[in-house]
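Novice: Below is the structure I would like to discuss, written out as structure tokens.
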Amino acid sequence: MRSFSSSLSRLALLGTVVVASACQHEIHLAGTGAGNHTGSGTGGTGAGTGEDGGGGIPEVILPVDGGSGDAGPVVKMACQDNTTYQPEHSPGYSAADHTMYNNMAAQTLSSMSLTDKADQMRGVYSGSSGPQYSDIERTYDTPGGVRGIQFRDGPRGVNFVQATVAPSTDPNPAQVGNTEYSHNVSTVFPTPVARGATFDVDLEYRLGEAMGDEALSANQTMLLVPCVNILRHPFWGRSQETYGEDDYLLGRMGTGMAVGVQQYIMACAKHFAGNNIEDNRAGLDSEMDTQTLREVYGRHFDMIINDGGVACIMAAYNAVNGTKSTQNGDLLTTMLRNEFGFQGLVLSDWWAMPGGQIYNLDTSSRQSNTGGALVAGLDLEDPWSLNYFVLDSSPTITDQDLNPHALRILEQKFRFNVESTSQIPGGLRTPTSVWNTANGGISNNDAHIAVAQEVAEEAMVLLKNCPSSNPGCTAPGATSLLPLKRDGSIKSIAVVGATESYCQTTSNGPGITNCYDDFNNGVINFASGLRVGDLGSSRVDPDTTKSVDPYDGIVAAAGSGINVTTATTNGTDTTAVLAAAQAADVTVVVVGLTPYDEGEEYNASGDRINLDFDGKDLGYGTLQNDMVTAIVKQGKPVVVVIEAGSAMNMPWLSSVPAVVDAWYPGMVGGTALGELLFGDKNFSGKLPITWPTDESQLPPFNQATASSNATTMGYFLGYRRFDACTTPPLPADCSSQINGAPLFPFGYGLSYTTFQYSNLQVPCTNVTDNSVIDVTVDVRNTGPVAGDEVAMVFVSFPTGPTGTPRRSVKELKGFYRVTLAAAGTTGDAKRITIPIRVQDLKYYDMTSSSWLVQPGTYTIQVGPNAGNLPLSDTFSVPSN
């Protein structure tokens, strides 16, 4: 071992990909025709250059006539260490920079009082006569002139709904002079699960830049992003807030986000670790073995730390193996610092320390809780100085106890030029957006809104596209319903959806409790309203004058030759909807989930209880499914558009010709939807989740009972669980056999064109622990319009006798989004390079408590999704 310090045809669901028989510099190529945005392909594992590690990876245009463009197959050889390779947007945090900023911090620390050090490590006063919630997004400045931290939540935009509070050294919340809720606006981007569907690290980097720009324009100094909780189960209420189910995808996308934000201010990756259940999240215990903890719930944090150089990690609410994350030394010291080499600061999630929101917690409990957190490695308690209130008054806590924690916080302040109250914070870059309190938030952000639209265009997934006369087709074709035509064959379109209220109207009744946070005032018309996400800490208010809902987006895209109408329900009465659909040539039905159906726990939302639309009781019964079914029975062409954070049950799927997963598509998602439906842009989103046929294919979600708060987190989840648990003999981690294939595999997504994969080249016969394998593959557009394809590389591990390490059947280890011109035109085919780092193939050995690279033969598989990997080749890792 090497030590390391449903009735649809499956063919229709897998899409159409043709397989042909089986280290240059990047060429940036513009898309042409009815394709996606103009620009080069963007890789998930690119070679990086420049201050942010960007720069892309090799792309070579192949001949239009179908030739391979080279003299023959690559000659395989032994691949040696590669110490210069750097993935796209992966600058890390260099040892030299760490030393420099640490020395600056140490000089300041040497002149600080015990209280000044303590104030680096704690939030604001918790309250005197009752808990205060109006001032919870900052730490105090010190009288000596060291600036406190100004926090903002993400991850779909900068949360300025929570009031901004001016920096000060005043610990009296009565002096804040602000209400808790301000409804200031900022750019609202598609939610992270939508962005995971783009598989576009460069685009996520640019989105991070935009968020960092807007936060710094309001003098905020830390963004609480990226959110990289594993989407272990679609019931999780915050599924929308993460990038998907795969740790490699989370690591690459989270790195892009962190590095983009950190062009301006600090980023804080969250929530570490095993946090993927909302209900009673502070009391839950995530139980798992050490390999699962590190490989499934830790590996992506390792990537964001070492590739992204993230400044901060947030410790989660839940316990892991019986110990609260905020007091868990295995998490905060053994893993983060000793194994991952983290040099930044660790803060608590808001009220995640023992004591929660007991604002007047007794002194003895504070001292005990504080001692455990300090030893574990928690640097900063937020949002209150609750337990850490005693840092400068406990007889058992000394300067030496505080020094390493305060030093780490100060180091990151110096790194991002936010340490001094005598100057405006920041300076790494000057923001282009403008914070304007008089205008209600962020302005001058049109460029950021354009990024939000670009993300929505790449994120939406075409799940199904059949002719109206044959909704059970085996594959899309020339007569499929989409794209909608402007040739006169369609004269009218009805855009319809339910209107639902989701506010709690009676004590302990159904609905959310914080409708005062909601710019929709607790009511959503899915057809002509904006569904941008839940109303938890990630809530963001858009400028509605610059926003575009589904109906308006389709109106704009249809043009003057098509009459577009809309209708909605009245309670459970669908009369108006059915009349509008009957009168139209085509109906677009927008269905989705409310902020009560899924969201963060604290506002009476929380986890889902099933995969149904209207799955929680708001008095609507099965309204949305009934509405779709009734419209289909009218015999007209129907497109269903889904707005939700994860997989859904679709009982009408076999009878609906076209289905689009729009996720929560941001403030201009309607524009993207209209352009995609009419073919002005081509669908290219790929599912970052495995979509089950129904709940029976899922593992247990929340196993907490009256006597135990523990839920077992297994090693296999998502596509890895389907691979492991469908064929006996089952590994011990499979609680039961999964019957049948998923409805849609991880990475699935249709296009208006088709793609051909060929000429896979794996240049290495064998590799070292630090090799980088430059996998190349040719991808050709074989259809009539331009489009983007996401090529995926999965790796299967050596197999052997009993005692072989527990490994997945396959894991994603590389991906690349490539833009291809229409067939028969220059740029219709390219040879792309997807580097695979051998270090990304390591596993955690529980016997030796170390990361190892397993010797043996590895198989590389390439294709469009986890269920369709037609090309393969091998390489080997020699034994010692």
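Novice: Grab the other residues whose beta carbon is less than 13 angstrom from that of G283, score K and R as +1, D and E as -1, and report the net.
Specialist: After counting each charged neighbour, the total is -2.
Novice: Could I have the simple spin-label model distance between T857 and S654, label points 7 Å from Cα toward Cβ, reported in nm to one decimal?
Specialist: 4.2 nm
Novice: Work out Dmax and Rg for the range 82-235 from the C-alpha atoms and quote the Rg first, both in angstrom.
Specialist: In Å, with Rg to one decimal and Dmax whole: 18.9, 61.
Novice: Tell me what the chain gives for mean residue ellipticity at 222 nm when only DSSP H runs of n ≥ 4 count, each as -39,500 (n - 2.57), the sum divided by the residue total, rounded to 500 deg cm²/dmol.
Specialist: -5500 deg cm²/dmol
Novice: OK, next. Within 15 Å, Cβ to Cβ, of G372, how many net charges do the neighbouring residues add up to if Lys/Arg are +1 and Asp/Glu are -1?
Specialist: Local charge sum for G372: -2.
Novice: List the aspartates and glutamates whose Cα lies under 17 Å from the Cα of K324, skipping any in the same chain that are fewer than 8 positions away.
Specialist: Correct list for K324: E278, D279, D285, E287, D289, D349, D379, E381, D382.
Novice: Leaving out ligands, DNA and RNA but keeping every protein chain, what accessible area does H300 have, in Å² rounded to the nearest 10, with a 1.4 Å probe?
Specialist: My reading of the accessible area for H300 is about 0 Å².
Novice: Could you let me know the centre-to-centre spacing of the range 717-767 and the range 296-356, using Cα atoms, in angstrom?
Specialist: 30 Å
Novice: If you don't mind, there's one more thing I want to ask. Just to confirm my numbers, what's the Cα centroid distance between the range 187-243 and the range 809-850 in Å?
Specialist: First find each Cα centre; the distance between them is then 22 Å.
Novice: Residues of the range 790-820 with the amide nitrogen closer than 11 Å to a label point 7 Å from the Cα of T874, along Cα-to-Cβ, please.
Specialist: 798-799
Novice: Quote to one decimal, in nm, the extra length available between A630 and A576 on full extension: 0.36 nm per residue of separation minus the C-alpha distance between them.
Specialist: That works out to 18.2 nm of additional length.
Novice: Taking 0.36 nm per residue of separation and subtracting the Cα-Cα distance, what length does fully extending T826 through D680 add?
Specialist: 50.6 nm
Novice: Gain in length, N417 to D487, computed as 0.36 nm per residue apart minus the alpha-carbon separation, to one decimal in nm?
Specialist: So the extension gain works out to 19.5 nm.
Novice: Oh, and also: Quote the convex hull volume per residue of the range 465-534, based on C-alpha atoms, as a whole number of Å³.
Specialist: It is 159 Å³ per residue.
Novice: Next up: What nm distance separates the two modelled labels at D694 and S707, each placed 7 Å from Cα along Cα→Cβ?
Specialist: Going by the 7 Å Cα→Cβ label model, 3.2 nm.
Novice: Also, I was wondering about something else. Strictly greater than 34 Å: what percent of every Cα pair in the chain meets that?
Specialist: More than 34 Å apart: 50 percent of the Cα pairs in the chain.
Novice: Given points 7 Å out from each Cα along the Cα-Cβ axis, report the N610 to Q400 separation in nanometres with one decimal.
Specialist: The answer from the label model is 6.2 nm.
Novice: Counting Lys and Arg as +1 and Asp and Glu as -1, what is the net charge of the other residues whose Cβ lies under 14 Å from the Cβ of T782?
Specialist: With Lys, Arg at +1 and Asp, Glu at -1, the net is -2.
Novice: Which of the peptides 251-260, 212-221, 112-121 is most tightly packed, and how do the rest follow, judged by the mean count of other Cβ atoms within 10 Å per residue?
Specialist: 251-260, 212-221, 112-121
Novice: I need the calculated FRET efficiency for the pair T479 and T727, taking r as the beta carbon distance and R₀ as 25 Å, to the nearest 0.05.
Specialist: Computed FRET efficiency for T479 and T727: 0.10.
The values are calculated or read from the model by the stated rules, or taken from the named source; none is laboratory data. Computed from a predicted structure; not experimentally measured. Using ideal geometry, Cβ is built from the backbone for each residue, glycine included, and neighbour counts are taken over all protein chains shown. Quick note on the areas: whole protein, heavy atoms, side chains included, nothing else; ligands and nucleic acids left out. Shrake-Rupley method; radii C 1.70, N 1.55, O 1.52, S 1.80 Å.
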